[in-house]
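Report on the following structure.
The values are calculated or read from the model by the stated rules, or taken from the named source; none is laboratory data. Only a predicted model underlies this, so the values are computations on that prediction, with no experimental measurement involved. Here the Cβ positions follow ideal geometry from the backbone for every residue, glycine too, while neighbour counts run over all protein chains shown.
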Amino acid sequence: MRRAFILFLVLLVSYLSLVVYAHRALFFSQFDEAYWKDRYEQSQWKLPLSLRTIGDDGLYLYEGYRLISGGDPTSTNAEMPPLGKYLIGLSIISLNNGYLYGLITTVSLLIGTYFLALLLIKKTVPALMLTVLLATDPLITNQFALTMMDALQAGLLVLFLSLIICAGRTKRHQPALALASGVALGLFSATKLPVLTPVIMAAAIWYIHVSTRSPRLIVMLFVGGLIGYLVPYTGYFTHGHTLLDWIKIQKWTISFYRNANLAPTWGSDIVTLITGRYQNIFSHRWEIAPEWSPTWGILFFSAVAAGFTKLRDKATDAGWGVVIGILFVTLVLYAVVPFWVRYLVVILPLLYITGGAIITKLPQRVGAVVYGVLLTANVISSIPILFPSPQSVINQFVYNTEHFLFADVYEDTTKHFRSTATRDGFRRFAHSIMADGEIEFINIEQKGKVITSRQSPQFVPMTFTYFTRQLGTFTVDTDVPFVKEDNRWRIPWDWSLLLPGLDDTSRLETRVSPARRGSIISSDKKPLAEDVPGVMVWVTPGRINKAKETELLTLLENVFNGKLIKVALHQRIVGNSLPDKPVAIGVIPRKPADPEVVTLAAFDGITFTPAITRITNTSDIVEIGVVQNSFYAECCTWLYSSTTYDGTSGVEKLKNNTLKGLNGGTLTLKDAQGNIVTTYINATKTDGKDVEP
């Protein structure tokens, strides 16, 4: 027995060591306040139209630092209770690393699972055996380096169950144990939205009643729960908020989730356990869960069998009733709400203990074979999580580069490159190159599949298509290298990966000879639609008077006649821009002396350049139609040019080929001495022709 215990302990320690080794790049990194503050400020949480989205893990990482530094826990992300965020912040402050929070909470979950299994099964080796199985589960493995709440909540649940079962079994310290279990449940409820709390509380009250018949212990349980739930809000009260304010926050949180407008994914949790497929709560399409293990399905059916067995056996410990009841009521609840796979983390310990109880009853050799199969399935399923292929980094690189998120591209470069360049310098140079080339978007297509998750370096062929503001597109093919560094895939960056021939001393130069789109002429020779001289509006973000920003956005919205709304204008100006670099907003059919232009010019940071724009008059006889950018999706600008805009309705669409004009000009790469290195675009100017409807 002792040898078996040592064997399983060695397996557990070895696996945890493998986890630390696999995540060493994260566990030995240092928290970068400037980067995460920038990520948050540029995310969808601050800019609704931002393409630089931040996941829950990144949000909690930054929020944890903000809260532990004295921030109000309800000023942002108030819908999520604060306990986990405070603990993440504590990890940052004490260890200068937020990811170690994931390691600490997940290891704590495993320790708690062992003691809960020991209380129920009453044998050390089976309890440790099930703990090793849980540790190697791919969904649990995924928690070790995540700044999320699921492992913490699961750990608090097993702590609560251990304490409440002890309170029901022992005559000593019962009030203290009941109070402590209540505190654990309160902390559990202060980790995520306490949807499961009523279920757990009902099971606990039933257990206390059948085990002790002591109303006093139930009262202690409630008192402890209230204490545990309120303590994490201490920071909220220290900011001058009252208990009434706190109650309003709870009501707001409930309203937030009630109005989320997410439809239930009926039975998705059961299907996920058995088949590894879940229903996406947004698209409602069935997708493969990468954290799934075949062990889930086996343990699910084993847990069902264990539940029926325990119910028929009148001598069954009431503690089993609490665990089994919470497990299956939670599964039923998850079956009727919008469900994500990670929600299973909180009940996986109960599933392993309940389902694993069947294994412990099997003959020794049969049990050893079953355990070996389950352990092998878990480890095999966890390997891609611990040692991933570069595909996710490739996908992120493609997305970041397409949308000019160069600060995030920098984060995925090698240590050697980052030792030669700062993030701000990298971002500034890349943005300046794009601005000089008037490049508004890049479309990247991966041409080859990743060969293996082990081979390093890997060269991935990609086709880059660059969309310029006035000269159309140009395309280049390149092989982007990815290398493995501390078990994370990185890019050994070279500026020629962004543009062939580019280095940190060269620059782009754009020269444009504007062409006109043909006019639509009525029968009385009056223009119904025509290109006219106008102005391009530019805004320099760092020069805006913040006190007048709302007034400026309102005026711009009016100037663009509703083509651009304030939220879009704000996104274009402050989203992913350089503070001292003018940002092109759009062209308007106004002359410099126009009253609205004069009013705009009075605002700090506003400048104008000559441009051609299109105006459309009214007609009761014919549908003139509209023109729109057909080259790339234009969210937050109106950058009219004959080259990139085409008719999408009416005569503008019907006669588009005739009306179409093409700007002339060049886009060249020049070295530090001003010599042309590469010419990417050399276009001949062609004016469009006038048409009659």
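Restricting attention to region 612-639, which residues are among the polar types (S, T, N, Q), part of a strand (DSSP E or B) and closer than 16 Å to PRO527 by Cβ?
Matches in region 612-639: THR613, THR616.
With touching a strand residue (DSSP E or B) at 6+ places or on another chain (Cβ under 6 Å), in a helix (DSSP H, G or I) and either buried (at least 17 other Cβ atoms within 10 Å of the Cβ) or hydroxyl-bearing (Ser, Thr, Tyr) (or both) as the only criterion, which of THR272, THR253, THR309 stands out?
THR272 is the lone residue from the list that is touching a strand residue (DSSP E or B) at 6+ places or on another chain (Cβ under 6 Å), in a helix (DSSP H, G or I) and either buried (at least 17 other Cβ atoms within 10 Å of the Cβ) or hydroxyl-bearing (Ser, Thr, Tyr) (or both).
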For this session: Would you be able to say whether some residue in region 181-192 is in the same structural domain as LYS85 (by TED's automatic domain parsing), more than 38 Å from the chain's Cα centre (by Cα), surrounded by 19 or more Cβ atoms within 10 Å (Cβ to Cβ) and not charged (D, E, K, R)?
Result: no
Exercise. What number of residues within region 254-293 satisfy the criterion of being among the aromatic types (Phe, Trp, Tyr) and within 29 Å of THR74 (Cα to Cα)?
Worked result: 3
For this session: Answer yes if at least one residue in region 288-302 is of a type outside the set (S, T, N, Q), at pLDDT below 90, out of contact with any Gly (no Cβ under 8 Å at 6 or more places or on another chain) and outside any helix (DSSP H, G or I), and no otherwise.
Result: no
For this session: List every residue pair whose Cβ atoms lie under 9 Å apart, where the two residues are 6 or more positions apart in sequence or sit on different chains, the first residue falls within region 189-207 and is within 15 Å of ILE218 (Cβ to Cβ), and the second residue, located anywhere, is hydrophobic (A, V, I, L, M, F, W, C) and exposed (fewer than 15 other Cβ atoms within 10 Å of the Cβ).
Result: none
Problem set entry | Output for region 559-603, where each listed residue is hydrophobic (A, V, I, L, M, F, W, C), touching a strand residue (DSSP E or B) at 6+ places or on another chain (Cβ under 6 Å) and farther than 14 Å from THR613 by Cβ | ILE573, VAL583, LEU600
Exercise. For region 206-222, how many residues are out of contact with any helix residue (DSSP H, G or I) (no Cβ under 6 Å at 6 or more places or on another chain), surrounded by 15 or more Cβ atoms within 10 Å (Cβ to Cβ) and in a helix (DSSP H, G or I)?
Worked result: 2
For this session: Determine whether region 93-109 contains at least one residue that is on the phi > 0 side of the Ramachandran plot and surrounded by fewer than 22 Cβ atoms within 10 Å (Cβ to Cβ).
Result: yes
Seminar exercise, completed: Counted residues in region 565-608 being aromatic (Phe, Trp, Tyr) and within 23 Å of GLU438 (Cα to Cα) come to 1
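Assess whether THR686 counts as being at pLDDT 95 or above, over 17 Å from PHE467 (Cα atoms) and touching a strand residue (DSSP E or B) at 6+ places or on another chain (Cβ under 6 Å).
Considered against the rule, which asks whether it is at pLDDT 95 or above, over 17 Å from PHE467 (Cα atoms) and touching a strand residue (DSSP E or B) at 6+ places or on another chain (Cβ under 6 Å), THR686 comes out as yes.
Is it the case that some residue within region 15-32 is within 30 Å of THR238 (Cα to Cα), surrounded by 19 or more Cβ atoms within 10 Å (Cβ to Cβ) and at pLDDT 95 or above?
Yes; the residues of region 15-32 include at least one that is within 30 Å of THR238 (Cα to Cα), surrounded by 19 or more Cβ atoms within 10 Å (Cβ to Cβ) and at pLDDT 95 or above.
Condition (residue is of a type in the set (Lys, Arg), surrounded by fewer than 16 Cβ atoms within 10 Å (Cβ to Cβ), over 22 Å from ASN259 (Cα atoms) and not assigned by TED's automatic domain parsing to the domain that holds MET129) applied to region 34-42: is it met by at least one residue?
Looking for residues that are of a type in the set (Lys, Arg), surrounded by fewer than 16 Cβ atoms within 10 Å (Cβ to Cβ), over 22 Å from ASN259 (Cα atoms) and not assigned by TED's automatic domain parsing to the domain that holds MET129, one finds none in region 34-42, hence no.
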For this session: Would you check if ALA4 is in the same structural domain as GLY98 (by TED's automatic domain parsing) and either outside any loop (DSSP other than H, G, I, E, B) or surrounded by fewer than 14 Cβ atoms within 10 Å (Cβ to Cβ) (or both)?
Result: no
For this session: Output yes when any residue across region 505-512 is in a loop (DSSP other than H, G, I, E, B), touching a residue at least 40 places away in the same chain (Cβ under 8 Å), surrounded by fewer than 17 Cβ atoms within 10 Å (Cβ to Cβ) and not aliphatic (A, V, I, L, M), and no when none is.
Result: yes
For this session: Among residues belonging to region 55-77 that are in contact (Cβ under 8 Å) with a residue 40 or more places away in the chain and hydrophobic (A, V, I, L, M, F, W, C), point out the one that is surrounded by the most Cβ atoms within 10 Å (Cβ to Cβ).
Result: LEU61
For this session: Kindly indicate which of THR253, THR265 is over 20 Å from LEU163 (Cα atoms), in contact with an Asp or Glu (Cβ under 7 Å, 6 or more places away or on another chain) and not aromatic (Phe, Trp, Tyr).
Result: THR253
For this session: Name the single residue, out of those in region 626-674 being β-branched (Val, Ile, Thr) and free of Cβ contacts under 8 Å to residues at least 40 places away in the same chain, that is nearest to GLY534 (Cα to Cα).
Result: VAL626
Seminar exercise, completed: Taking region 74-89 and keeping residues in contact with an Asp or Glu (Cβ under 6 Å, 6 or more places away or on another chain) and not in a helix (DSSP H, G or I) leaves ASN77
Exercise. What are the residues in region 640-661 that are surrounded by fewer than 20 Cβ atoms within 10 Å (Cβ to Cβ) and of a type in the set (A, V, I, L, M, F, W, C), if any?
Worked result: LEU654
Exercise. Within the set of pairs 6+ apart or on separate chains, which have a first residue in region 279-299 that is aliphatic (A, V, I, L, M), a second that is part of a loop (DSSP other than H, G, I, E, B), and C-beta atoms under 8 Å apart?
Worked result: ILE281/LEU262; ILE281/ALA263; ILE281/THR265; ILE281/PRO338; ILE281/PHE339; ILE281/TRP340; ILE288/GLY276; ALA289/GLY276
Exercise. Hey, which of the strands (runs of 3 or more DSSP E) in region 434-502, taking only ones fully inside, have at least 3 residues that are over 26 Å from TYR645 (Cα atoms)?
Worked result: 458-468, 473-485, 488-490
